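The values are calculated or read from the model by the stated rules, or taken from the named source; none is laboratory data. Since we're looking at a predicted model, the values are computed, not measured. For neighbour counting, all protein chains shown are included, and Cβ atoms are generated from backbone atoms with ideal geometry for every residue, glycine included.
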Amino acid sequence: MRKIGISEIEDIALGAALLGAGGGGDPYVGKLVAISAVRECGPVTLLEPDEVPDDALVVPIAMMGAPTILAEKAIGGTEYQTLYDTVSTFYGKPIFALMPIEAGGVNSMLPIAAAARLGMPLVDCDGMGRAFPELQMVTFTIGGGSATPMALVDEKGNSSIFRTITNKWTEELARAVTMACGGSVSVSLYAMEGAFMKQYGVKGIVTRSQILGSSIRRVKEVTNGTPEEEFLRITEGIRLFKGKISDVLREVRAGFNFGKVLLEGIADDKGHQAYVEFQNENLMAVVDDQILATVPDLICLVDTETFQPIPTDALKYGKRVLVVGLPCFPLWRTPEGLELVGPRYFGIDTDYVPLEKRSKGGRSHV
Amino acid sequence: MYKLGIDVGGTNTDAVLMDENRNVVVSVKQHTTPDVYDGILSAVRAVLEQSGIDRSEIRQAMLGTTQCTNAIVERRHLAPIGILRIGAPATRGIPPMADWSEDLKTIAVDTAIIGGGFEYDGKELAAFDEAAARIFFENLKEKGVKSVAISCVFSTVRSDHERRAAELCREVMGEDVHVSVSSEIGSMGLIERENATILNAALYQVAERFTSGFAQSLQDEGVTNADIYLSQNDGTLMTMEYARRYPILTIACGPTNSIRGASYLSKLQNAIVIDVGGTTTDLGVIQNGFPRESSVAVTIGGVRTNFRMPDVVSIGLGGGSIVREKADGTVTVGPDSVGYEITEKALVFGGEICTATDIAVRLGLTSLGDPSRVAHLEEEFAQKAMAAITGLVEDSVDAMKVSSGDVDIILVGGGSIILPEHLNGAGTVIKPAIGGVANAIGSAISKVSGNYEKLVDYLVTPRDQALEEAKAEAAELAVLAGAVRETVEIIDVEDVLLQYYPGNTNRVKIKAAGDLA
């Protein structure tokens, strides 16, 4: 158990943006929501998963809807109380703690705001260890957990809670309610008991985000080796490619940002070519026609000077980027995990081979 | 008739006089003085003396100034203000100024978030709480506040609540109150738009000082027949009255004027402009005669805003950049510089420090100072340094491009002598003769513009009709800003599909500009 205050939030936001693997949204508004809540209501208690009793009710909190609308309406502040009342009434028992569902710029932050405003603890655990584009892409699905009963509330005080027969129905109903409520809502989903969370959750994700964030901020202070070596050391990342963006191809389909970013090698990779495909998040990295990484492993593009993560919607010609692979949460590498988030699910016609094996420890050693 | 263009930068105050055919009659460069009006006054005086023209023949006088940026960065002359946000029950999770530094927050005398605002589709989010607004304004009046920033959720979609609040504000606080309304200043993104509006409100005294100060300087020099304009950061002008209402739009007009001036001198409408100073080099892009806008949020004095700004990149390279040879034989240039002390410290001027300028002289790119003082530098060393200089510039040029094709380059600024005539990735490289005062020229030749932005569902209003309506709105705004109606042309049309919105909702952005009367 420990407390998280404003300086921790800054680091968590940066680290979670890296773990967003190109997606997860711009941390700016999310961070302001979390910081404002903590400034008003005090620091948040962060629990280790093992501190949660097996039969206690744990509820992940997130936002659903368009990031552009969140940037305009932000959060009202009373949504979390409405969510609490809706969910605890439904289950007929109090909620013990809240948790994030994914690591990403926005959804890593809102649960902190909720915990601060409700005076409740937050659990150091989520259901992805990164960001993914679809609702069912959480480790809890592997354990047989269900997104519903899912509660949706807006800033005006409206609330709804529903159960569905399939994930597709959940998406459809949630989308309809979200639009009717003004395009962005606060949600709780995959409500679960402590024992289930401990079995399937990605433990220690908030702490990992924080360590990553503070290390990225201080990467230039390194005295031993180059900032790039230091960055790879702290992220335990595998260097896949260093290049200049030579083109970005984009397409919007069914509400997702699809695309491909082309890279021309610089420094050690001069003379080589690479590309990264994405659907909100980065899906596959290919260097000289050889696949070096695919989902569910994390493919992160960072600025070669500042090591700040670059989201897919900010990719732009001429930017110099370092492409880094981070191994995903082990449960994603099981057959059940790969069925949900493996390359074939995203339309990539290849079997999943772990990043460490594909890249043979990094480009410089190929 | 003549036009007088002035640009007040951090180091120099430049002035040019142009005739009605836009030929430069005289140009002068003076040091910027602690009280900027002394510098302006002496620049105006020098122009008048050198040209000997009849002062009454100066019909237009344009000023570009960094006063607003300085006021924010130095936290000086900012006015106490009231901040009203219309948006409850939404937005309360982030109070105004949530990420402002403590010393800047003190400008807010009172802050309130009241009921009102809209949804993305223009539906009312909540009714406008007129009673709460009235109480807020009455309190401000009692406290003697003279300037108010008003923002509202989705006011970029519908501004009714904001406009009603502004009316009420004038009604309660008196007609002389300065009201800044967010929909007239920023774009999508409440917090950044509100931040820009707050800064605008806090700058009203600064704007009154520099507008009346400029008018007074001209008056004192007998230039009494000129219309007075201020440069804004998109390469167009505004009237004194407009500048007093939107002082924030003057921020970053210096680089903009330099880019526009370079374009005018080189006759290129599309190019990359490289402005080399003593310590830094600014790179900007001229697109169809206007500077390209930055697409990312811009931070001013630590405050994140989203109003339009030129897309400018600065690198640590200039005429005074220090050149060093490392133990392993590699040669580095900058980012540290001898700066304004170059005339004492550079080798060719009798100093002991090897600068980028010394390298240029050694390699014969320019003749300056005493070339014999750099003759001892090894050719190989000088070539390595030049490779480092061109490498820095070529990388930055590349980063400014939108595609890999070659692009024309215009070199301006006093330090541009350090760059060669050929750069990789460049088509033609042009160094205009009077590129040193490109910024003052840019100020003198600016047009006046109108910007219009709206969300439109093309299923409700067909695209062609929507664009025509938006163009008419933009043209009307340009006329309002001082453009001659007949010369107004649409210079930018942009519509972006908003994927998450229902139907076929697009954000339509139009910019129109025209010549001054």
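For residues in the stretch A:303-335 being of a type in the set (A, V, I, L, M) and either within 14 Å of chain B (Cβ to nearest Cβ) or more than 24 Å from A:F140 (Cα to Cα) (or both), which is surrounded by the fewest Cβ atoms within 10 Å (Cβ to Cβ)? It comes out as A:A314. For the stretch B:300-337, a tally of residues being surrounded by 19 or more Cβ atoms within 10 Å (Cβ to Cβ) and more than 30 Å from B:C68 (Cβ to Cβ) returns 3.
Of all positions in the stretch B:143-152, at least one carries a residue that is closer than 17 Å to B:E192 by Cβ, within 14 Å of chain A (Cβ to nearest Cβ) and within 31 Å of the chain's Cα centre (by Cα).
Okay, residues lined up against (1) at negative phi; (2) touching a His at 6+ places or on another chain (Cβ under 9 Å); (3) modelled with pLDDT under 95:
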residue: A:D289; (1), (2), (3): no, no, yes
residue: A:T294; (1), (2), (3): yes, no, no
residue: A:L298; (1), (2), (3): yes, no, no
residue: A:T304; (1), (2), (3): yes, no, yes
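Considering the stretch A:22-73, and only residues there that are acidic (D, E) and away from chain B (no Cβ under 11 Å), the residue that is nearest to A:L298 (Cα to Cα) turns out to be A:E48. Do the conditions hold for B:R92, that is, is it of a type outside the set (A, V, I, L, M, F, W, C), touching a residue at least 12 places away in the same chain (Cβ under 8 Å) and either touching a Phe, Trp or Tyr at 6+ places or on another chain (Cβ under 6 Å) or part of a loop (DSSP other than H, G, I, E, B) (or both)? Against the criterion (of a type outside the set (A, V, I, L, M, F, W, C), touching a residue at least 12 places away in the same chain (Cβ under 8 Å) and either touching a Phe, Trp or Tyr at 6+ places or on another chain (Cβ under 6 Å) or part of a loop (DSSP other than H, G, I, E, B) (or both)), B:R92 qualifies.
Quick check on A:E72: is it of a type in the set (D, E), without any contact (Cβ under 8 Å) to a residue 40 or more places away in the chain and not assigned by TED's automatic domain parsing to the domain that holds A:V324?
yes
Checking each residue in the stretch A:157-178 for being within 12 Å of chain B (Cβ to nearest Cβ) and either modelled with pLDDT under 90 or surrounded by fewer than 17 Cβ atoms within 10 Å (Cβ to Cβ) (or both) picks out A:G157, A:N158, A:R175, A:A176. Quick test for you: out of A:G129, A:G92, A:G104, A:G119, pick the one residue that is of a type in the set (G, A, S), at pLDDT 95 or above and either outside the structural domain of A:Y28 (by TED's automatic domain parsing) or buried (at least 24 other Cβ atoms within 10 Å of the Cβ) (or both). On inspection, the qualifying residue turns out to be A:G129.
One line per residue, one yes/no per condition, for (1) within 18 Å of the chain's Cα centre (by Cα); (2) modelled with pLDDT of 90 or more; (3) within 30 Å of B:S101 (Cα to Cα):
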{"site": "B:L41", "(1), (2), (3)": "no, no, no"}
{"site": "B:V47", "(1), (2), (3)": "no, yes, no"}
{"site": "B:A71", "(1), (2), (3)": "yes, no, yes"}
{"site": "B:P80", "(1), (2), (3)": "no, yes, yes"}
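Residues in the stretch B:312-333 that are farther than 13 Å from B:G277 by Cα, over 25 Å from the mean Cα position of the chain (by Cα) and outside any loop (DSSP other than H, G, I, E, B): B:I322, B:V323, B:R324, B:E325, B:V331, B:T332, B:V333. Screening the stretch B:286-301 for residues that are under 20 Å from B:S443 (Cβ atoms) and not in a strand (DSSP E or B) and picking the one that is farthest from the other protein chains (Cβ to nearest Cβ) gives B:G289. Taking the stretch B:380-427 as the range and being of a type in the set (D, E) and either part of a loop (DSSP other than H, G, I, E, B) or free of Cβ contacts under 8 Å to residues at least 12 places away in the same chain (or both) as the test, the residues that pass are B:E380, B:D395, B:D406, B:E421. Here A:Y317 qualifies as in a loop (DSSP other than H, G, I, E, B) and either of a type in the set (K, R) or modelled with pLDDT under 90 (or both). Residue check: B:V25 meets all listed conditions (1) part of a strand (DSSP E or B); (2) over 24 Å from B:Y204 (Cβ atoms); (3) assigned by TED's automatic domain parsing to the domain that holds B:T106 but one, namely (3).
Can you spot a residue in the stretch B:207-223 that is touching an Asp or Glu at 6+ places or on another chain (Cβ under 9 Å), aliphatic (A, V, I, L, M) and away from chain A (no Cβ under 14 Å)? Looking for residues that are touching an Asp or Glu at 6+ places or on another chain (Cβ under 9 Å), aliphatic (A, V, I, L, M) and away from chain A (no Cβ under 14 Å), one finds none in the stretch B:207-223, hence no.
Here the condition is being touching a helix residue (DSSP H, G or I) at 6+ places or on another chain (Cβ under 9 Å) and more than 23 Å from B:A438 (Cβ to Cβ); of B:A387, B:A382, it holds for B:A382 alone. Return yes when B:I198 is within 19 Å of the chain's Cα centre (by Cα), in contact (Cβ under 8 Å) with a residue 12 or more places away in the chain, buried (at least 23 other Cβ atoms within 10 Å of the Cβ) and in the same structural domain as B:H161 (by TED's automatic domain parsing) and no when it is not. Considered against the rule, which asks whether it is within 19 Å of the chain's Cα centre (by Cα), in contact (Cβ under 8 Å) with a residue 12 or more places away in the chain, buried (at least 23 other Cβ atoms within 10 Å of the Cβ) and in the same structural domain as B:H161 (by TED's automatic domain parsing), B:I198 comes out as yes. Name the residue that is surrounded by the most Cβ atoms within 10 Å (Cβ to Cβ), counting only residues in the stretch B:358-387 that are within 19 Å of B:H422 (Cβ to Cβ) and of a type outside the set (A, V, I, L, M, F, W, C). Step by step, filter the stretch B:358-387, then rank; the result is B:R362.
Filtered by the rule that a residue be more than 14 Å from chain A (Cβ to nearest Cβ) and either surrounded by 19 or more Cβ atoms within 10 Å (Cβ to Cβ) or within 15 Å of B:L190 (Cβ to Cβ) (or both), the stretch B:80-99 gives B:I81, B:G82, B:I83, B:L84. Only one of the numbered conditions (1) outside any helix (DSSP H, G or I); (2) under 21 Å from B:L125 (Cβ atoms); (3) more than 14 Å from chain A (Cβ to nearest Cβ) is violated by B:A166, and that is (1). Could you go through the stretch B:444-459 and let me know if any residue there is surrounded by fewer than 19 Cβ atoms within 10 Å (Cβ to Cβ) and hydroxyl-bearing (S, T, Y). Yes, because at least one residue in the stretch B:444-459 is surrounded by fewer than 19 Cβ atoms within 10 Å (Cβ to Cβ) and hydroxyl-bearing (S, T, Y). Candidates are the residues of the stretch B:173-192 that are in a helix (DSSP H, G or I) and crowded, with 24+ Cβ neighbours inside 10 Å; the one that is nearest to the other protein chains (Cβ to nearest Cβ) is B:L190. Once the stretch B:100-127 is narrowed to residues that are part of a loop (DSSP other than H, G, I, E, B), within 13 Å of chain A (Cβ to nearest Cβ) and not aliphatic (A, V, I, L, M), the residue that is surrounded by the most Cβ atoms within 10 Å (Cβ to Cβ) is B:G117. Looking at A:E336, A:E305, just one residue is touching a residue at least 12 places away in the same chain (Cβ under 8 Å), in the same structural domain as A:M284 (by TED's automatic domain parsing), part of a loop (DSSP other than H, G, I, E, B) and of a type in the set (D, E), and that residue is A:E305.
The numbered conditions (1) without any contact (Cβ under 8 Å) to a residue 12 or more places away in the chain; (2) within 14 Å of chain B (Cβ to nearest Cβ) are all true for A:E221 except (2). Scanning the stretch B:43-62 for residues that are of a type in the set (S, T, N, Q) and outside any strand (DSSP E or B) turns up B:Q50, B:S51, B:S56.
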